[in-house]
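What follows is calculated from the coordinates using simple rules that are stated; it is not laboratory data. Predicted, not measured: the structure shown is a model, and the values here were computed from it. Here the Cβ positions follow ideal geometry from the backbone for every residue, glycine too, while neighbour counts run over all protein chains shown.
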Amino acid sequence: MPGKEQLRAFIAMELPVGLRKELARIQNTLKEEGPSPVKWVNPENIHLSLRFLGNIDGNVISKISGAIKEAAQGISPLHFELGGLGVFPDLRRVQVIWIGLDGDMERLSRLQKRIDMNLVSLGFMVESRPFKPHLTLARVSDRAASDERQGLGQLIISNQFKEDYRFNVDSIKLIKSHLTREGAIYSIISSVNLQE
């Protein structure tokens with residue numbers, strides 16, 4: 001039997017409204033340093049990604065939701081605080097600018113591993129890259145020159161501020177991503193609450 005439509009999806013934790021405002025403020029601080037070949041992520045679209053799924057068949061949605069629910073059993077809401085700024089892959093070849101997290105990292109990693117292992121039984125490959133929790137603030141344009149990327153690295157080094165901002169996350173979402181010329185439009189497919 002043919003599957004339902006294909007959709008692009010990922011598993012993530014949504015952020016509180018107050019934190020989105022704080023991230024917008026941090027982005028604005030970095031933007032004031034001058035024009036750069038960067039596409040800033042809309043604060044409304046910033047989330048804590050646990051697993052990118054890519055294109056999936058609509059008929060596996062309920063199984064993925066079940067895998068998330070099973071992984072979340074016994075895990076209570078997580079507490080975090082904002083860490084420092086960072087980049088991928090390194091300060092000389094900046095492609096992504098992000099802000100790190102501190103707090104319940106061990107429980108978050110355990111939750112992410114459980115989700116990963118539950119997805120293996122549904123035919124997904126284990127993620128090859130190690131899980132590095134972060135909130136993406138910006139992506140660098142493919143057209144950016146080498147010296148522009150290094151300049152962004154210097155900007156990040158010179159802005160090593162640490163925000164004293166704490167927040168809680170109490171649910172995991174399966175999110176559909178619809179790509180448009182204006183950027184991605186996200187819609188929640190399912191949600192699982194964290195509780196003891």
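Over the alpha carbons of the chain, what is the largest minus smallest coordinate on each principal axis, giving the biggest first in Å?
Result for the chain: principal-axis Cα extents of 52, 38, 29 Å.
So if I take the centroid of the Cα atoms in the stretch 173-191 and the same for the stretch 130-160, what is the distance between those two points in Å?
24 Å
Using the Karplus curve 6.51 cos²θ - 1.76 cosθ + 1.60 with θ = phi - 60°, work out ³J(HN,Hα) for each residue of the stretch 117-126 in order, rounded to whole Hz, and write x for Gly and Pro.
5, 5, 6, 4, 5, 9, x, 7, 6, 5
Suppose a student asked you for the relative contact order of the chain, using Cα pairs under 8 Å spaced at least 6 residues apart; what percent would you report?
Result for the chain is 33 percent.
Scan the chain and report its longest stretch carrying no trypsin sites (Lys or Arg not before Pro) that are both in a DSSP loop and have at most 12 other Cβ atoms within 10 Å.
Here the longest segment lacking exposed loop sites spans 5-91.
Which lysines have a Cα less than 24 Å from the Cα of Lys21, not counting those fewer than 8 places away in the same chain?
Partners within reach: Lys31, Lys39, Lys132, Lys162, Lys173, Lys176.
Using a cut-off of 12 Å between beta-carbons, work out the net charge of the residues near Asp102 (Lys and Arg +1, Asp and Glu -1, Asp102 not included).
In short, -3.
Using the scaling law 2.2 N^0.38 Å as the reference, what is the normalised Cα Rg of the stretch 93-196?
1.34
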